[in-house]
């Protein structure tokens, strides 16, 4: 069992945050939590989560505060105001933000956190709910190395944490990874569409492609759901599109080209317009089929 002396707070108990909280509870940690509604967290409360009504109360109760939130706007909202995380942080506490947001927003928040004597780390992850449950996430951490050392034993129960550099650099690497994730999914879907249109059996083509040299761990994990995407997405099109836009924004600031990211952003945008916004990125194949008038239309 883990060293469980640190008291943990978790704000944002959706698919990823809730799964991480559940794993930390199973490791024996005392965890305080807050989300949009208590009903959303009821299954975690039944497993030992201590519910708090505001993000501030979570930060006040915990030594280490985790957040897993969908975008910059929600992160800013949760951080700020009289009931926000910043209002509850005091000297010696650590805030570990596992959201995928812009490096600019994260660095600005880290500066505000330092003014309270606390420390903020950006710690985005590569992986989805299955990797959380298995404890095999790739965790990229930006911020002070001393703070990373303090929280590394906790993060190690969720996956493999690596200290990347200063504030914002964990996020920069996460965005770099997600470009490849999206482009791989699109390229695989294009190849499968070409094989299908050429008369090759769909399932046979998918199996052979996934077993070939192009079958990355991500593609192999999604192979079973490409032809029948689940209702409950691991990582939906909306969030992927947001991440690619963050990467493109960063590239514009750095004055570097990201041609494949630009292209995949356009295709995902088209897929979202066709009603795939809340479906997993594995549904890119079905979206391409629809664009090519070869597959059934999906309801919005």
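Worth pointing out:
- Relative compactness, the chain, computed as alpha-carbon Rg over 2.2 N^0.38 Å: 1.04
- Residue among 139, 214, 256 with the largest mean-square fluctuation in a Gaussian network model of the chain, springs linking Cα atoms under 10 Å: 256
- Using the Cβ-Cβ distance between residue 46 and residue 198 with R0 = 41 Å, the FRET efficiency computed as 1/(1 + (r/R0)^6) comes to roughly 0.20.
- Among 46, 144, 60: highest mean-square fluctuation, GNM of the chain, C-alpha pairs under 10 Å: 46
- Extension gain, residue 253 back to residue 228 (0.36 nm per residue minus Cα-Cα distance, nm): 5.1 nm
- Sorted by Cβ density within 10 Å, fewest first, the residues 75, 86, 194: 194, 86, 75
- By definition, a body whose alpha carbon gyration tensor gives a ≥ b ≥ c is rounded when a/c is under 1.5, and the stretch 8-165 falls into this rounded group.
- Gain on full extension, evaluated as 0.36 nm per residue between residue 7 and residue 292 minus their Cα-Cα distance, stands at 97.3 nm.
- Cα centroid separation - the stretch 61-120 against the stretch 39-59, whole Å: 18 Å
- By other beta-carbon atoms within 10 Å, ranking 122, 280 with the fewest at the front produces 280, 122.
Bear in mind these aren't lab numbers, they're just calculated from the coordinates by the rules spelled out. Keep in mind the model is a prediction, meaning the values are calculated, not measured. Note that we place each Cβ from the backbone using ideal geometry, even for glycine, and neighbour counts take in every protein chain shown.
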